[in-house]
Structures are given as structure tokens and as C-alpha cells.
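One structure is given below, encoded as C-alpha cells.
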Protein chains: 4
Amino acid sequence: MNLKNNTTHGSIEEGKRSIHWTEMHMPLLSELKSQFAKEQPFAGLTIGVCIHVEPKTAVLCRTLQAGGANVVLTGSPGTTKDAVAAALQEEGITVYGQRSDRRNEHLQNIHNVLRHHPHLLMDNGADLARTLIQHYDNNSLIGGTEETTTGANLLREETGENIPFPIIVINDSPLKRIMENEHGVGQTIIEGFMRTTNLILPTRRFVIVGYGTCGRGIARYLRNLGSQVVVIETDPIAGLEAALDGFRVARLEDTFAFAQVYITVTGRPNAILKEHFSQMNDGTILANAGHFSWEMDLESLRQDAQHTEQLTADIEQFTLANGRRLMLLTQGEMLNLAGGSGNPAETMDLGLSLQAASLLYLVQQRQHLIFGPQPVPHSVNNTIAGQMLKHLSYKI
Amino acid sequence: MNLKNNTTHGSIEEGKRSIHWTEMHMPLLSELKSQFAKEQPFAGLTIGVCIHVEPKTAVLCRTLQAGGANVVLTGSPGTTKDAVAAALQEEGITVYGQRSDRRNEHLQNIHNVLRHHPHLLMDNGADLARTLIQHYDNNSLIGGTEETTTGANLLREETGENIPFPIIVINDSPLKRIMENEHGVGQTIIEGFMRTTNLILPTRRFVIVGYGTCGRGIARYLRNLGSQVVVIETDPIAGLEAALDGFRVARLEDTFAFAQVYITVTGRPNAILKEHFSQMNDGTILANAGHFSWEMDLESLRQDAQHTEQLTADIEQFTLANGRRLMLLTQGEMLNLAGGSGNPAETMDLGLSLQAASLLYLVQQRQHLIFGPQPVPHSVNNTIAGQMLKHLSYKI
Amino acid sequence: MNLKNNTTHGSIEEGKRSIHWTEMHMPLLSELKSQFAKEQPFAGLTIGVCIHVEPKTAVLCRTLQAGGANVVLTGSPGTTKDAVAAALQEEGITVYGQRSDRRNEHLQNIHNVLRHHPHLLMDNGADLARTLIQHYDNNSLIGGTEETTTGANLLREETGENIPFPIIVINDSPLKRIMENEHGVGQTIIEGFMRTTNLILPTRRFVIVGYGTCGRGIARYLRNLGSQVVVIETDPIAGLEAALDGFRVARLEDTFAFAQVYITVTGRPNAILKEHFSQMNDGTILANAGHFSWEMDLESLRQDAQHTEQLTADIEQFTLANGRRLMLLTQGEMLNLAGGSGNPAETMDLGLSLQAASLLYLVQQRQHLIFGPQPVPHSVNNTIAGQMLKHLSYKI
Amino acid sequence: MNLKNNTTHGSIEEGKRSIHWTEMHMPLLSELKSQFAKEQPFAGLTIGVCIHVEPKTAVLCRTLQAGGANVVLTGSPGTTKDAVAAALQEEGITVYGQRSDRRNEHLQNIHNVLRHHPHLLMDNGADLARTLIQHYDNNSLIGGTEETTTGANLLREETGENIPFPIIVINDSPLKRIMENEHGVGQTIIEGFMRTTNLILPTRRFVIVGYGTCGRGIARYLRNLGSQVVVIETDPIAGLEAALDGFRVARLEDTFAFAQVYITVTGRPNAILKEHFSQMNDGTILANAGHFSWEMDLESLRQDAQHTEQLTADIEQFTLANGRRLMLLTQGEMLNLAGGSGNPAETMDLGLSLQAASLLYLVQQRQHLIFGPQPVPHSVNNTIAGQMLKHLSYKI
């Protein structure tokens, strides 16, 4: 469904102003926009996009549009910012979907996008690519980008590795792991904790479950802010790295007396189990920084609780049979997104510029591409890294 | 005006839950409450309180009440949380005022409190003490506490040093300077910046104007988070300390090309002047962490701007005659309060426990007290420091 | 030449005591020693070792000997600690060479070792392996370990990839890169700078040339100590990482006015060239943390200097034609070794335990090995990481 | 005894070169030297100096001499660097004493200095002032400076507060506490530990006994290097500060299982007692950063040890009755001096410039001075702080 009719002029202005602020802090996309405007690399091409609709991704869509593309966009259920969508509509970008959509409407939106016969896909979780392969005969498709590793894996499984076009997987770029995982997530999880709890960081005793790039970022920022941080990590090499970075490394079962806060960030399910909750101190705070809320067994927590109370919009209190109270932040959803504004503009600028530059690469190299999932080309990584470094630097 | 009639049951519950969460993280007040409940040091005494009415101060009022006090409370115009006030009313604390009050109603509330003939005052800006001295004959007054240095100075000036009762000034306690200024303000200004801007901290170029305890806290936290920090400080000894702490120290007029963000925290007016704005880079962000918004000449900024636009609820954009855009956060009001939740619960626990313990001291030592403003007694500082240290510590 | 005759009993005692102190801080080798003593994995086997003869490697030799090995050892020219060699001799380890040896005697020592027909080699720079391949017919050789990447490359080039036995290359182990490069080198370069100069670190302006694991360690430690650090890095991805870690990243040619100290750590020749010296400030200090002294063009520096003076044992002053004086530390040799005691005992414990465990792996898997250079097996890395982590940890 | 006859020309050259390197890193004294050379404030005046004779203090003596002073100098027993003394002699400064002197010769040297009828004293431990008051009638004395607080206290006690001239006490200057105590001592204790032990800092478990300015410096530097640091502090306010700075704060008796290293820095005797030693872990390292070696009860340790062994020049091993071995660094003397080169040149530049500027103040204000010990004048502190800040700064 098209948005045009159910948005007011007021919210369009609001959407424009939030895009304006964001665009000022996305220098790489701005630069690409100037370049694209001159070179028109996407002239005559339709790009089908599935991505959260909010100011940062709006800047990306306008960048592609400046390069001559006909951009057709849909968001994800529940995250579409209608004012932003309206602002984009006004500028000639086709947007399907609105905040109130559910799964059913989302599938409809996916089809709506694909009916435009896109030459390029910018996908998230393989929603576009999977539907296209199953339902459409699209001879004009050059290829696409896929934000998530999960999406790439889904595609491989479903097609038996027979994906009929190239897919550049953005998430595994080393650049993204450094800037978005370690620093973007590291910083914003700290913000989310402060914002939702209003508690002091120095002296507070955190247990960070998982020392991948995200976990390392969170742990380092907390230590630098004066917190007492213990790291749980099952891989001995990552564990040794954590110890040398100044952290105490322990087994989860030895941390219950110590911990005031648990933050899970393993990327896998079941890091904290049913039997762990009753061993925690009264008042222990539980938060998650991983993509899914499955890292703690929240279903058991809810079932076993004698009493549940929503203390604030972001804090739910579970009273256990032993009388102890556990405090769950933002329903166990990613603390930086659910309890804050998500990754900083500049880290999104990096990831979305990798998207835009990868689409450009697909167009320029279309004669020489192999099919299937593939990493961001080294030349793209290098160029984007160099440009970001230039923007973050200052003469000495 | 009494609140009882114009609050709903729903908001009382909401008030209670927010007090509950906060009380869990104010261990010193909780301990004092147990002690007071046993010893009843305030039995038969009325305490007149003027303080922002919100969950943290609600915990203090309940602590005093547990000690036998008849607590009579009023807030400040514009900051009263009505749900919290309602919850306190239900527990038998008399509360005057509501969020919508203006200056006139506030003065009325002050008189309402004083008509209860309080034996003790807990004052903020000397509103209670000044009105009492001018308008009341109160023979039963033992003494009071005063939160601010400003309030104490006002009293001294108006009375010619003839204040007819003892006033313990809380703000100058070394404890408070360490925990509330350096760490509480340090942490929450960072949070306020992240929350209002959603920008990355590492690589960002900050200029911190003022290296007192608050400035040091902000500067250190930012450096530890990877920011590039330059300090402006006119006192050479504090400046040398900043340099050795790892900061570049400079004159304001040399920072315009460097700065992406200015944060003022000098405690004095006019740190940034009319003539400075036009020399700043396009996009420079301006924020204040000092008590008043007078540290930048905002009046001139507003007058000289060609165009003003509210980009988000917390960001105002001023377009200067030279075309450059400056971004003012939270109207120049304290960034941690106006753009966040203010100081963390534990730092407030310290300050409010100093209040409660000082009131106890006034009662216990009433025969031996000198009149006029005086610092928190060393024994009180030491006791509170020791208790806070115990609560923040964990066996090694 | 055998040492036994030209050492006194006194120096043997001295050697033993220094080994004793060191062994106390090499818990992994100590544990391997107990295990080896029980299991005798090297019974009947001769191990030919070429390694610097000093207390830490002495602990390794004693570990292998405890496992039943006949250990035959030679050092490198100029680094043999005679007291340590004497102490090892007394315990039945055959040691060839002494401190005063030159290149000629070293080659002789290599042959002396190989004449024992070793079953295993522990090599450094491929001295043993190359000589063996060229001059000996050794059917009993099982394989060897090689400390350096350079040694492995030399072997590959000389043999056209036809190396007739397995060689496990220790240096590339991720473990070693974390613990020895980032932390061991990071810490000891700082020590070497302090020891040789007696200058203050906070406020001092360093330029770190190269942001590999060693450079990152040095840069991070210096920043944490309050220094002002600029990083030079030609790879944009590593450069971006440096910027986000809080460093200013620049081109070498922009750093001359800023720099008080240069530390090269690129692993490659010619990071600082002839034409750079005359642009540096008067008093600039030059140091090297890379393996070879080739990272600065010292030959040109010496030729172009008008005047050269040895200010202290570790500081050489070059007066240039423009009158400026540059200060070279420890002749441009690795600052932590030449100006200190080299890597800390625990980091050597890791690297040498990787050696010992790799030798064990070669013996246990001798039927299943492929020939040529190969990385440390994942199982060995994991086991050693887990043991080190255990030793560095403390109950929380 | 005069040095001239028993030094060789070679050692004079060595002395000059070490003074040259040091002078390059003492910019404030160099600047004062230029100023003094022009203004000749000490023309016709004799300055009697008692100070360690080494390169940094040599720079000070040359500075005073440049101002017209006749400098007469003696050192302390055991610390005189003869080559430096010889170099000063050659430049016309009278030096009494040599490295091999004992207490007796030192007293003789003090008298030798006083026989020159100095107009100004630069004293250390009140050796000159006490002897002068007892034995000399010196009408021409203007006043003096005293390095230590201890010296000032001694004078007060002996004279019953009747000190017949002004004495400016350098040690209490806030400047010195920041730069020399926190940063100078902080940095060099870390260096001394690394140099004497060659052990890794990250993961190492330190207990810092005392959180004054020196203790804070040591603790902060260690934490920043990745060590695990526990602080012992009896004052609750300083203890709270330590906790908020990120340290675990504990009682000494709870640290024995945790500690790998103790560093005492309380400034008082008997921080670690006889009964504590046997509770420590095998291998625990003991070091002292306080002025005297009395902070641990070393006499008891020596008496109770079953066996004592000097492992290296700086490490003494005590085997207790329970079989555990304790390792004492540098005989319990200040670890940075006894195991290193003492405070960095720049921190000494600050302290010695305070000395020189205070002497100048005495001369300029001689008509207006009160008698007895007094702090460094605020104007002197401010001027020196400003100059040091300028030298440590770099344009941004």
C-alpha cells in the first residue's frame, strides 16, 4: 500500500529534518551521492530495497536515486518510521509498508517491490532474493547485496548452492566488524544501559557473556569507564585475549555471587539457561546485545517467575520462587536498539556505503561476476576504509 | 494545593514502581531508613523540605518519615513528577505543588510548608530559609541543610552574616565533588551526548571548556572512550594537571578549526562569546554541562542567526550569516538533565544521605551548634564515605 | 667448543639462580616438565636446538630433557649468557658456543649440533634445517619447529618447496601474535624507552610507524600512559582501526613538527628515509621496535651527520648539517631487547610451550605428517591457550 | 675534600655529556638560566646547596651560577656521581664530597659548605639549616629552601618554632604533588618493576597499599596497562575515590590469596607487619615506593626467614618456615630510584625550578619576608605551572 494518502504534511517536514541531521553525519554517502549524481551509474536501473526505513537508510536511498536509480523500497514490520517514509515518497522514491504492518502485509510488500522487476537487490535476511527465486522469472537481474550472514546461509540451503546471480554479503567485511561491531555496538550498549537504568558505571560489576568483536567492544568500553568486568568465553584463544586485555575470565557458574549485570553477546542461543536464574543475586540485571533475544532462556524465566511487574517502560521485574528479583531490560531485545537509537550515524555510514559501493561494483563488473554469495571485494573495502579514515582524521 | 484529589490510582502505582526501582539502588538511604526506624531520631519533629520531587528524593522523604518525622514537602516549578507526589501523599507525606506550577504558586507552596512550623529545613537555593527569616518567627527551629553554595551565599548577603540558626552546606563536601561531580556528571554528560545526537564518540573532536571536577570527569570519560579531547583552562595549575592527564590544553581561540563539539563546564558566565560563534566550523555542536545556561552567549547566538530550526526535540540549528550551521543541544541547559535522567541513583544516594545524616547531626548536637553556614561535619563525611565504599565493594 | 673448562663454579651458581627465578614465572613449561617427566615422550630421541641461550630458553631445554630427550644446544653469536650455558652443561645438556663467538664459530656450532644426528630440530632462522639439507643425510629426522616466518620462507625458496620433513612454524600462531606481539612487545618497548631516556611519558608526542599487532600494542600502552600518539599506517583498514582506537592517523611527512619520538615497527625496510631526517625537530628521538634495524636509513644518517657523539651507553647524538640533533636509541636495534631484558617471562613461556608442544605433536603424529612448513596445529594452540588462561586467571 | 685531584679528564667528559642530555629535557631551568644570565639576580651572593649530585641537580647548579651566584655544593652519602661532580668543579662550582663518603665525611662536608658564609641555603632534610643554627653566627643569611616536609618538621621541633630566617618548603606545592608524585613516581615505579622482574603486567595481581597521590599514580598506571589492581586505604574518602576510579578496595588481611605483588606507598611505617608475611602466597613479590623502607617490617622478615638468597642484583628470596618464598625487590628501598633512574627529567625540572624561583623570590622580597617554614608562594606556583604547561603543549 502506498503511503502518500495517509501522511500529513507536518510529518513529512519532521521526516525531512531528521534526514537532514543524519545526512550531515554520513559523509561517505554524501560523497558517493555527489559522485553518483555526476556519473549516473544506475541510470535506467531499478533497485529493489528491503531495509529498516529510518533516517540513515533514507540517506542511502537518496544516494542511489541521485545515481539515476529508480528506488523501490520496503521496510520491516514494526520498524518503519512513517514520517521518513513520507519524506522519501515526496522525493519520488516508491515506499511500500508502514509501521503498523504485520508479517502478512510485509510479504505483500516484498511482492510489490519485486513486481517492479528490479535490476539490483539490496536485501536483508534474503526476503527479496528468496521470494524472487521462488516466484519470479527475472532475466534482467544483475545481482544483489545481502546485509546478513544468516540471509546468505538461508539462500545457500534453499537453493542447494544454486543461486542464479551474485550476492555480495556485507556483514563479513572486516571493516564492518571493526567499526560497527566493536565500536558502534560497544558504545551504544553502554548508552542503552545508562539510559534504561540511570545507574552508575564505575564500580558496577558486569559479566559480559561472549568475547567476539561486539563483546570485546562492550567489555573494553565498560572497563574504560571504571566498571568491574568479568568475561565469559568458551574459546580459549579469545579468552586469553580477554585476560590480556585486562579482564577477569571465568566460567558462568562462578559468576553468580559477583554479578550485578549480565550482558549476553554470543551470537548463539542458550548462553544463560533456566537453571542459572535462581542462582543469581537479588536485583541482578539481565540485558542482551546479540541479534536475537534467544541468548537467555526467557521463556523459562517467565514461566518460573512467581510474579512479574513492569517497573518502567524498559525494565521488567521477575520475582522468583526464592524471593529474588531479576530485572530484564528491553524484553531481552538488543539493548542498543530497543533502549536507544541504535548504532551511531557514522558506523551506519560505513555499512551503507559498503552497500552502495557494492551495488556500483555489481554494475561495473557485471560481465565478470561469479554467482552466489561472495565477500565484499577487497578493492571496495579498501576504498571505503580510506574514505572513512579521511573523514575521521584531522590534521595533526 | 493538595494533590490528593487530582491524581488517579494509576499514576500512584506508576509513582510507586519508579520509587521501588530507585530505592533498590540507594543502599545508604535504605540503611539509614532501617536505623531511623529503630531509633526514631526525628520523633515529634517536622521537617520542611524544598527539593525536586522525583523518585530519588522520594526515597529520601520516606527515609526521614521512617525516623518519626512529619515531612512537609514542596518541589520546584516545572520539575515535580505528579505520580511520585501522589505516591508520597498516599503514604502520609504532605506535598504542596504540581508540575504545572509557576513561580507564583511556588512562593505560595513555600509559605504552605513554613506554616507547619518546621523544626528542621532541607533547603535548595535558600527558598525556605530566606522566606522564614523574613516572614516567620520560628522559635522551634533547630537548623537546616542547604544543597547549594549559591543558596548559602544568598543567605549571607541578605542577613549580613546574621543567620539565626545553623545551616549545613552540602555541596562543598569533598565526597560529593568526587562522586557526583567527577563521576556522576562525567558519566551522564556522555550519555546525554550520545542520546541526543546518536553520533560516534571515538575520533570525535571535543573541546571541554573548564577543568574543574566536572570538566575533568567529562574529559577523562571521553578520552577513555576514544575521543580526541582538547581542554580549555585558564588556571595554570589545573591546566598542567589536564596536560599530564593526557589532554591537549589550548586557548579557546585556537580551537575553532579543530572542534566538532564544545562542552562548557566552567561554572561561570561567558566562557563562549558572541564573537566566537562565527569562527566555528559548519556543523559544530554546542552543549553545556554547567548549572546555568549562561556559559555561552546564547542570546547573541539567537539574535545573530539568519535562520533557526528545531531539527529534533533536543537539537536546534542556527544558520549564521556566513552560512555555517551551529547545533545547540537541549537549549543550552545541563545536557545530562535536559537530555537524560540526570545523575545516577547511587550518586544521588550519596548526596541525599549526606542531607539525612546532617539533619540527624543537627538534632543530636543541637546544644553545641554554631549559627550560620558551615561545612558537612568531618565525622558525617567519613561515615557516609565508609558506608558507600562498603556498598560499592565486593570481596576480592 | 665445549664450555665446561672455561667457566667457574661461581658463574654456574649465578646461572642457576637466574634460571630459578625465571622458571617460577613459566608455569606452562613447568607443567609440561612434570607431564614429560612422567610420560617420557622423547626417550631415546636427540633434539638439536638453535636458540638464544639465556634463562628462559634454559627452562625450555630442561623441560625437554625431563621428557627423556638428549638435548644438544647452540646459541646465536653475541647473545649467549655464559653462566646460563655453564649451568645447563652441569645438568647434562650439551651446549656449543659462547658469548664471544662470531659468525664463523656459529657455523661450526651448527655443524657440531647436527653431528649428533638429531631426531627433532628446534630452529631459529632455519640455520639448522638449511645446513642439514645441504650437508647431511639424516634418515632419522622426524621433523622440526621453526621460530621465524623468515626462516620458513628461506627454506621454501632454497628447496623449491621440496623440504623433506615437516616444519611447524611457531611465529604465525594467533596466540603468539596476541600475547607476545601486542602485549609482550608493547610493554617492553615502553620499558626500554623509559629505561634508556628517563623521560616523562604523559604529554610526550610519539609517532608509531606501523599498526600491526606490535605497533598496536606499543601505541595503546603509550596512549594509556597519557602520551600523545600519532600512528602512520599505509593499509587503510588497519589505519581505520587505529583511528577508532583513539589515535590520530597521519602521513609521515605531516608529522615532523609534531614528533618528539619516532618508533618504527613496520617489519619492513625503509619506513624512514634519508630525506626525512633533516626535516625533524632538534632533539627528536629515534627508536626501532622491529626485528631488524633496517626500518630507518641509518646508513645515510651516519654519513650525513656533521658530528656524532655517544651521550650515554644507549643514546647516540647525530648533529645534522642544519644544526639539529637527532638522538638514536640502542643503535636502532630492537629497543626492548637492546635496551632492556626482552619479552616478559610469561610471554616467552607461551612461545616456548608452543615449541615444546609442537615437538610432542611431531613425535606423536609422526605417521600422519605432511612435509614442509605448516602452522601450529589448532589443537596445540587451543591447549596452550587454555593452560595459559588458567594460569593467568584468579577466582572471582 | 675537594674532588679536583682524584678525577680523570675522561670522567669529566662523561659527566658533561650526561648533563647535556639532561639539560635538553629541562626546559624550565634552561629558560631560567637565560633569564638569570641577563638579570644577574644572585650577583655577589653565595648559595650553599645540599642535594644529590647527579645530572639533573647539576643543571640546577649551573642555572644558579649563571645568575651570578657563587654555588657551593655537597651531596648525600652514597649518591654522588663523581663524574658529574668533576664536571661541575671544572666549571667553577665548589663541590665537597664523593660517592664513597660515609656519614662522618658528610657532616664534614656540611661544615665545609657553611664556612663559605652562604646568603641562601638550598637544603634537603635540614642538614644545612640545623647545623647552621647550632654552630654558626650568620648575619648575612637571607633565607633558604627545604626540599622535604620532614626537614621542615625537624627544624620546627628543634628550635621550638624559633627559626631565625624564612624557609620555603618545596615538597607541599600542589604542582609537585601532581607532576612528581602522581605522574613521576607513578611512571617510574612501573618501570622499576618491569626492569627488576621482567614479568608481564597485564593480568598480574597487584595490591597497592596507600592511595595518596603517589599510590593513585601507581594504581592508575597499572590499571591502564591491564593489571588487576586492589587498593588498601584506611581513609574512607580516599578509599571511595579509589573505588570510583575503578579499583577494588579491600582490607590488607583479605588480599593474601589474591596478591602476586605488594607495593607499599603509605608514607608511614608498618603498613605490612611480621604476622602478614606467612599468610602470603608462595612467590609473592614485595616492593616499596615510599620514601623510607620502613613500610614493611623487613627486620622481622629477615629474622624469621629460614633461608635467604640473592636471586639477582635486585631480587632477594626469603624462604619462610612454611616453605613459601617471598621476593623482595631492591632491599625494600624506593623501587624507582633503587631499581631505575628515578623521576623523569621533566618532573625534576619542575621541582628544581620551584627551588630556583623560590630562591629568586627570597632575594627579591627579602624586606618583606616572615621567618620560619612557609609554602611556595602562589605566584611562584602559578608562574612555574604556566611555563611547564607551555613546554608540554603543542599547537592543536
**OP:** Inspect all residues belonging to region C:3-21 and state whether any of them is touching a residue at least 12 places away in the same chain (Cβ under 8 Å), of a type in the set (A, V, I, L, M), within 23 Å of C:ILE142 (Cβ to Cβ) and not in a helix (DSSP H, G or I).
**Re:** no
Subject >> Residue identified as more than 12 Å from chain C (Cβ to nearest Cβ) and either outside any strand (DSSP E or B) or of a type in the set (Asp, Glu) (or both) among D:ARG220, D:ARG195, D:ARG216 >> reply: D:ARG216
Original post:
Residues in region D:355-362: is at least one within 14 Å of chain B (Cβ to nearest Cβ) and at pLDDT 95 or above?
Top reply: yes
Subject >> Residue list for region C:94-113, restricted to those being of a type in the set (A, V, I, L, M, F, W, C), out of contact with any Ser or Thr (no Cβ under 6 Å at 6 or more places or on another chain) and either crowded, with 18+ Cβ neighbours inside 10 Å or under 14 Å from C:VAL72 (Cα atoms) (or both) >> reply: C:VAL95
Original post:
Do we find a residue being free of Cβ contacts under 8 Å to residues at least 24 places away in the same chain and surrounded by fewer than 22 Cβ atoms within 10 Å (Cβ to Cβ) anywhere in region A:55-68?
Top reply: no
**OP:** Scan region D:273-282 and give yes if some residue there is in contact (Cβ under 8 Å) with a residue 12 or more places away in the chain and within 14 Å of chain C (Cβ to nearest Cβ), otherwise no.
**Re:** yes
Original post:
D:ASP172 versus (1) more than 16 Å from the chain's Cα centre (by Cα); (2) part of a loop (DSSP other than H, G, I, E, B): which is the lone unmet condition?
Top reply: (1)
**OP:** Would you check if D:ASN288 is out of contact with any helix residue (DSSP H, G or I) (no Cβ under 9 Å at 6 or more places or on another chain) and not hydroxyl-bearing (Ser, Thr, Tyr)?
**Re:** no
**OP:** Output yes when any residue across region D:148-169 is among the charged types (D, E, K, R), assigned by TED's automatic domain parsing to the domain that holds D:PRO377 and within 20 Å of D:ILE384 (Cβ to Cβ), and no when none is.
**Re:** no
**OP:** Residues being in a helix (DSSP H, G or I), within 14 Å of another protein chain (Cβ to nearest Cβ) and touching a residue at least 60 places away in the same chain (Cβ under 8 Å): count how many of those fall in region A:22-33.
**Re:** 3
Subject >> Some residue of region C:347-370 being in contact (Cβ under 8 Å) with a residue 40 or more places away in the chain, over 30 Å from B:ILE396 (Cβ atoms) and hydroxyl-bearing (Ser, Thr, Tyr) >> reply: yes
Original post:
For region B:292-309, which residues satisfy the criterion of being surrounded by fewer than 16 Cβ atoms within 10 Å (Cβ to Cβ) and either under 26 Å from B:VAL185 (Cβ atoms) or in contact (Cβ under 8 Å) with a residue 12 or more places away in the chain (or both)?
Top reply: B:PHE292, B:GLU299, B:SER300, B:ARG302, B:ASP304, B:GLN306, B:HIS307
Subject >> Hey, C:GLU158 more than 13 Å from every other protein chain (Cβ to nearest Cβ) and either at pLDDT below 95 or farther than 30 Å from D:SER18 by Cβ (or both) or not >> reply: yes
Original post:
Looking at (1) out of contact with any strand residue (DSSP E or B) (no Cβ under 8 Å at 6 or more places or on another chain); (2) hydrophobic (A, V, I, L, M, F, W, C); (3) not in a helix (DSSP H, G or I), can you tell me which one B:ALA87 breaks?
Top reply: (3)
Original post:
Would you pick out the residues in region A:34-71 that are over 16 Å from A:SER353 (Cα atoms) and in a helix (DSSP H, G or I)?
Top reply: A:LYS38, A:GLU39
**OP:** Inspect all residues belonging to region A:244-255 and state whether any of them is closer than 24 Å to A:MET348 by Cα, buried (at least 20 other Cβ atoms within 10 Å of the Cβ), among the charged types (D, E, K, R) and in the same structural domain as A:GLY332 (by TED's automatic domain parsing).
**Re:** no
Original post:
So, in region D:223-235, of the ones that are within 12 Å of chain C (Cβ to nearest Cβ) and in contact with a Ser or Thr (Cβ under 8 Å, 6 or more places away or on another chain), which residue ends up nearest to B:SER379 (Cα to Cα)?
Top reply: D:VAL230
Original post:
Does C:ILE133 satisfy the criteria of being of a type in the set (Val, Ile, Thr) and either assigned by TED's automatic domain parsing to the domain that holds C:ALA83 or assigned to a strand (DSSP E or B) (or both)?
Top reply: yes
**OP:** Test each condition in (1) touching a Leu at 6+ places or on another chain (Cβ under 8 Å); (2) away from chain B (no Cβ under 14 Å) for D:ILE178 and report the one that comes out false.
**Re:** (2)
Original post:
For residues in region D:200-228 being of a type in the set (A, V, I, L, M), under 23 Å from C:GLY340 (Cβ atoms) and touching a helix residue (DSSP H, G or I) at 6+ places or on another chain (Cβ under 6 Å), which is surrounded by the most Cβ atoms within 10 Å (Cβ to Cβ)?
Top reply: D:ILE218
**OP:** List the number of the failed condition for B:GLN187; all other conditions in (1) over 22 Å from B:GLU333 (Cα atoms); (2) crowded, with 24+ Cβ neighbours inside 10 Å; (3) among the polar types (S, T, N, Q) hold.
**Re:** (1)
Original post:
Taking region D:256-272 as the search range and keeping residues that are within 14 Å of chain B (Cβ to nearest Cβ) and over 19 Å from D:THR196 (Cβ atoms), which one is farthest from the chain's Cα centre (by Cα)?
Top reply: D:ALA257
Subject >> Matching residues, region A:313-332, being surrounded by fewer than 19 Cβ atoms within 10 Å (Cβ to Cβ) and either over 27 Å from the mean Cα position of the chain (by Cα) or in contact (Cβ under 8 Å) with a residue 24 or more places away in the chain (or both) >> reply: A:THR319, A:LEU320, A:ALA321, A:ASN322, A:GLY323, A:ARG324, A:GLN331
Original post:
If a residue has to be in contact (Cβ under 8 Å) with a residue 24 or more places away in the chain and either farther than 22 Å from B:ALA69 by Cβ or not in a strand (DSSP E or B) (or both) to count, how many in region B:138-161 make the cut?
Top reply: 14
Original post:
When you look at B:PHE292, is it over 21 Å from the mean Cα position of the chain (by Cα), over 22 Å from B:ARG223 (Cβ atoms) and in the same structural domain as B:THR196 (by TED's automatic domain parsing), yes or no?
Top reply: no
**OP:** Kindly establish whether C:VAL185 is in contact (Cβ under 8 Å) with a residue 12 or more places away in the chain, under 17 Å from the mean Cα position of the chain (by Cα) and within 13 Å of chain D (Cβ to nearest Cβ).
**Re:** yes
Subject >> Lone unmet requirement of (1) within 14 Å of chain C (Cβ to nearest Cβ); (2) buried (at least 20 other Cβ atoms within 10 Å of the Cβ); (3) over 17 Å from A:GLU191 (Cα atoms) for A:HIS378 >> reply: (2)
**OP:** Please state which of the following conditions D:ALA238 fails to meet, knowing it meets all the rest: (1) closer than 30 Å to B:SER379 by Cα; (2) within 14 Å of chain C (Cβ to nearest Cβ); (3) among the small types (Gly, Ala, Ser).
**Re:** (2)
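The values are calculated or read from the model by the stated rules, or taken from the named source; none is laboratory data. All of these numbers come straight from a predicted model, not from anything done at the bench. Heads up, the Cβs are rebuilt from the backbone with ideal geometry, glycines too, and the neighbour counts pull from every protein chain shown.
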